[in-house]
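Nothing in this text is a laboratory measurement; each read-out follows from the coordinates by a stated rule. The model shown is predicted, which means the values in this text are computed figures rather than measured ones. Virtual Cβ from ideal backbone geometry, glycine too; neighbours counted across all protein chains shown.
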Amino acid sequence: MKKATLFVIEQEIQSEHRFFSSVLMEGGKSISLIAYEFADTSLHGTECVVIVEHGSVIKLLIDGKEYPKKKSEQLQEKNEQHMPTDVAFKEDEGRSRQETVQCRAPNVNDREVYAYWHACKRIGDGVEKYSEQINTLPMLIRHNGLGSALMYMRTQKTRNALSFIYEDISDWIMHDEKQLIKLENNEELVEKIIEVGQEQYRDVTREVFAYLAFLKRFAKGLSS
């Protein structure tokens, strides 16, 4: 068990109030609480205790009591416990059964959730100037076009904030249910964008702007 500080951020999205949470570990690492749901910000800043496995919080204790996970998460875990191993979990590329469970991305294809997850991951990993670089991207895209902006981001040195943001944009476009661009795991977004028609290009550009708006908001909140 490790001590941590609970963060609950309130955001107004399409006239609805949503709450996004994370824990700040000793040492400055932030971990998203995708599996947990909060109705308000009353617990923001609360000291808590967490059990972490493979980068995910599997148990959250507040005042010595376990905080319940979302009902959908509880149901999923219950189903996984009762499913045969060869059906529920696939041993892939040497990963253990437990890693397959814990090292998963958000289980809903929602733009806001993905943006929060990406921001929390990058800020928690200490990516320098991540929030600052996000602020510059809308203007870069408007002046140069999405294709040129993505190419510039893609050619940045490894572990540069812009290269991480490029990966995050690509990850969202790949998982977006609208499938504006069908992107497989080994395909580059910058290569696919130059193949699309003008109308599709505009649709993808609008989606990237919408994603960046949430990413900017969450990155700023998590790094403040």
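Computing FRET efficiency as 1/(1 + (r/R0)^6) for Lys2 and Glu132, where r is the C-beta to C-beta distance and R0 is 30 Å, gives about 0.55.
When the Cα gyration tensor is reduced to axis lengths a ≥ b ≥ c, the ratio a/c is 1.5 or higher for region 111-223, and with a/b above b/c it is classed as prolate. The length gained on full extension between Asn186 and Glu47, counted as 0.36 nm times the residue separation minus their Cα-Cα distance, comes to 45.9 nm. Sorting the segments 116-123, 206-213, 32-39 by their mean number of nearby beta carbons within 10 angstrom, highest to lowest, gives 116-123, 32-39, 206-213. Only one residue of Thr155, Phe214, Val190 has its Cα farthest out toward the positive end of the dipole of region 111-223, where Lys and Arg carry +1 and Asp and Glu -1 on Cβ, and that residue is Phe214. Summing Cβ point charges (Lys, Arg +1; Asp, Glu -1) relative to the Cα centre of region 111-223 gives a dipole of roughly 480 debye. In terms of distances greater than 29 angstrom between alpha carbons, the cross-link table entries Lys3/Lys178; Lys182/Lys216; Lys2/Lys178; Lys2/Lys182; Lys59/Lys182 yield Lys3/Lys178; Lys2/Lys178; Lys2/Lys182; Lys59/Lys182. Each Cα pair of region 17-70 feeds into the Kirkwood radius, which the Stokes-Einstein equation turns, at 25 °C and 0.890 mPa s, into a diffusion coefficient of 210 µm²/s.
Taking 0.36 nm per residue of separation and subtracting the Cα-Cα distance, what length does fully extending Asn144 through Lys220 add? Walk me through the numbers on the way to the answer.
On the way: separation 76, 0.36 × 76 = 27.36 nm, distance 2.48 nm.
Taking Asn144 through Lys220 to full extension adds about 24.9 nm, to one decimal.
Provide the FRET efficiency to the nearest 0.05 for the Leu61-Tyr152 pair, computing r from the beta carbons and using R0 = 41 Å. Efficiency, from the Cβ-Cβ distance: 0.35.
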